[in-house]
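Just so it is clear, none of the values below were taken in a lab; they were calculated from the coordinates. Just so you know, these numbers come straight off a predicted model, no measurement behind them. No Cβ is skipped: glycine too gets one built from the backbone with ideal geometry, and neighbour counts run over all protein chains shown.
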Amino acid sequence: MIQGFRFQQATSKIFYSLSLFQVLFTLQAFGQEVIPTKDKNQIKFAFGSCNKFTPEQQSEIFDKIALQNPDSFAWLGDAAYIDIRKYIHYWEPDPSEESIKRKFDNVVQDQHYKKLLQTNAKIIGVWDDHDYNMNDGGKDFEGKYIIQRLYLDFLNEPSDSPRRSNQQGIYVSYYLGEEKRVKVILLGELFIFYLQRFQIFQFSLLTNYQTDVRFNRDHRRDPNPTDMLGEAQWKWLEQELSDKSVLLYLVASGTQVIPDDRFFQEQWYNPSRQRLLQLIRDKKAPVVLLSGDIHQAELMEMPCSDQYLGYSLREITSSGLSFTNTEMTSIFPLFKYIVQLGVPPTFSSHQIDRYLERNYGMVNIEWNNTDIMSSTVQLHIYGNITLAPVLAQEFKLYDFHPNPEKIKEIIDCPIYNLTPTQRKAQNFLVLLQKYDPAAIIVALLGGLLFMNLFKFMKALFSACCRGSQNEINKKIKKD
Ligand SMILES: *[C@@H]1O[C@H](CO)[C@@H](O)[C@H](O)[C@H]1NC(C)=O
Ligand SMILES: *[C@@H]1O[C@H](CO)[C@@H](O)[C@H](O)[C@H]1NC(C)=O
C-alpha cells in the first residue's frame with residue numbers, strides 16, 4: 001500500500017512502520033483525502049467541463065475517458081446545466097429542487113458516464129456557473145446554499161463532509177497518490193530534504209486544489225468587481241500553498257485564471273489574479289493551473305511569469321465534454337471565427353495550442369525513481385475519437401519550481417505594455433490576414449448583430465420578466 005517509496009534494505013522495516021504511523025496520524029489530524037494511484041509509477045488525473053448543453057447532446061466522450069483508466073476525474077464546472085435557458089443566452093435559476101436533482105441524476109445515470117464510474121476513478125469536482133444554478137452567478141445568489149447541498153449530493157460527498165457545513169464555499173483539496181499521505185508535517189522540512197537527498201525514500205507529493213470561484217465571487221455586473229474567492233478561501237489557499245513538501249500543486253478553477261483580454265468569456269478579475277500570483281510567488285509554490293468554461297481547449301503560458309515567479313506559469317483549459325464552440329456554428333454560422341476573434345494569442349496561439357472540438361484534459365505524471373525532480377509532467381488534451389492527445393506539452397517537475405536566478409525586480413515584458421484592448425485589436429488584424437477577410441467581416445458583423453440581439457432580448461426580459469437579482473432571490477425563496 002505504500003507505493004513509490006524506495007527503501008534501502010536495512011532500513012525498510014523501520015520506515016515502513018514509521019510511514020504507517022504517519023499515515024494514520026496524518027489522516028486523523030488533517031482529514032485531507034488521498035486519491036490512490038492505480039499504477040505506482042504514475043498519476044493520471046483527468047478533468048473536463050461543460051456537459052450536456054441540451055438533452056440532445058450525447059456524452060460518448062466518457063467512453064474514451066474510461067478507456068484511459070484515470071485515477072480520478074475532476075469536474076471543473078458545468079457538470080450539468082441546472083439553470084434554465086429562456087432565450088439564446090439568457091438564463092434563469094431553476095427554482096425546483098426536484099428538477100435540479102433530476103438534472104444531476106441524468107448525468108449520474110448516463111450510460112457513458114457510468115463507464116467512467118465503473119473504472120473506479122475517484123470523481124471529484126467544483127462547480128462553475130451553470131451547475132451553481134445561475135449563469136455568471138456570484139456571491140449575491142441566494143439559492144447558493146440549496147445548490148451547495150444538491151451539488152455535493154451529486155458528487156456523493158459524505159454527509160459529515162466539511163464541504164457541506166462550510167458556509168464559505170465548496171473548495172477542497174486532495175492528495176494524489178498514496179505516498180502523499182506522508183505529508184510530512186510530522187517530520188519537518190529538513191528531515192524530508194535529508195531523506196530525499198540520500199534517497200532513502202522519496203516523496204511523491206502532489207496535490208490538487210479545487211477553488212470555488214462562485215460562492216464568494218463579486219458579480220460581473222457589480223460596479224467594481226475585484227474578488228473571486230472570498231477571504232476565508234484566500235486564507236485556506238494561503239495555508240495550503242505553504243506546504244513545502246508538495247512537489248506540484250494542481251490548482252483548479254472553473255473560470256480561466258491567467259487571460260485578461262477575452263471578450264465573451266468570464267475571466268478572473270485583475271485584483272484577484274494579482275493576489276494569486278503574489279501568493280504563489282511568496283510561497284514559492286510550484287503550480288499548474290487547470291480550468292474549464294470556454295467551450296474549447298487551450299494550453300496556455302503566462303508571458304514573462306518566469307521573471308516574477310522564477311518559472312513559467314501554465315494553465316490547461318479543457319472545456320466542452322459534450323458541447324463546443326464549433327457546434328454553436330450550427331446555431332450561428334461562422335461562430336467559430338468569432339470565438340477566435342475573442343481569444344487573442346497572448347497566452348496561446350490559434351494554431352498550435354487550441355482545440356475546438358469536444359475534449360477532456362489530463363495531467364499525467366510519470367515518476368522518475370532515480371531523480372524525482374526529473375519526473376515527467378504531461379499536460380494533455382484529448383478529443384473524442386482516439387486515445388492519443390490532440391494537444392500535448394511535456395515538462396519535467398523542475399520546470400515548475402522557482403529558479404531564483406530568473407526572478408527580476410523589474411519585469412520587462414513587451415506584451416504587457418499593450419493594454420488588453422490593444423491586444424484584442426491586434427488579434428483582429430492578424431486574423432484578418434490569416435483567414436478569408438470576407439469571412440471574418442461577415443462573422444464580425446454577424447457577431448455584433450448576435451450580441452446586440454442578445455442584449456436587446458436581455459433588456460426586454462429584464463424589463464418585462466426578470467427583475468433584479470433581489471427579485472430572483474425572492475422568487476427562489478417563495479418557491
Ligand atoms: C465527437 O465530437 C463531435 C463534435 O466535436 C461530434 O460531432 C461526434 O459525434 C462525436 N463523436 C463521438 C464518437 O463521440
Ligand atoms: C531519470 O532522471 C535522470 C536524471 O535526469 C535521467 O538520466 C534518467 O534517464 C531518468 N530516468 C528515466 C526512466 O526517465
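Things to note:
- Residue-wise HN-Hα coupling along segment 346-353, computed from phi with Karplus coefficients 6.51, -1.76, 1.60 (Hz; x: Gly, Pro): 4, 10, 8, 9, 3, 7, 9, 10
- Size descriptors for segment 66-105 (Cα atoms only): Rg and Dmax, in that order, 14.0, 39 Å.
- Summed side-chain charge close to residue 101 - residues other than residue 101 whose Cβ falls under 11 Å, Lys, Arg +1, Asp, Glu -1: -2
- Summing charges over neighbours of residue 253, with a neighbour being any other residue whose Cβ is under 11 Å away from its Cβ, gives -2 when K and R count +1 and D and E count -1.
- Rounded to whole numbers, the Karplus 3J(HN,Hα) couplings from phi for segment 254-267 are x, 7, 4, 9, 7, x, 10, 10, 9, 7, 8, 8, 6, 8 Hz, using 6.51 cos²θ - 1.76 cosθ + 1.60 with θ = phi - 60°, and x at Gly and Pro.
- Peptide ranges 274-284, 218-228 listed from the most packed, as the mean C-beta count within 10 angstrom indicates: 274-284, 218-228
- The 3J(HN,Hα) values that the Karplus relation (6.51, -1.76, 1.60; θ = phi - 60°) gives for segment 368-377 are, in residue order, 9, 7, 8, 9, 4, 5, 8, 4, 8, 10 Hz. Gly and Pro appear as x.
- Loop-located trypsin sites (Lys or Arg not before Pro) across segment 352-431 with a Cβ neighbour count of 16 or fewer within 10 Å are 408, with loop assigned by DSSP.
- Cross-link pairs 103/336; 336/424; 64/122 - those with Cα-Cα distance over 26 Å: 103/336
- Nonlocal amide H pairs with residue 91, under 5 Å, H built at 1.01 Å: 86
- Relative exposure of 322, 245, judged by other C-beta atoms within 10 Å (fewest first): 245, 322
- A viscosity of 0.692 mPa s and a temperature of 37 °C, combined with the Kirkwood radius over Cα pairs in Stokes-Einstein, give a translational diffusion coefficient for segment 210-274 of 255 µm²/s.
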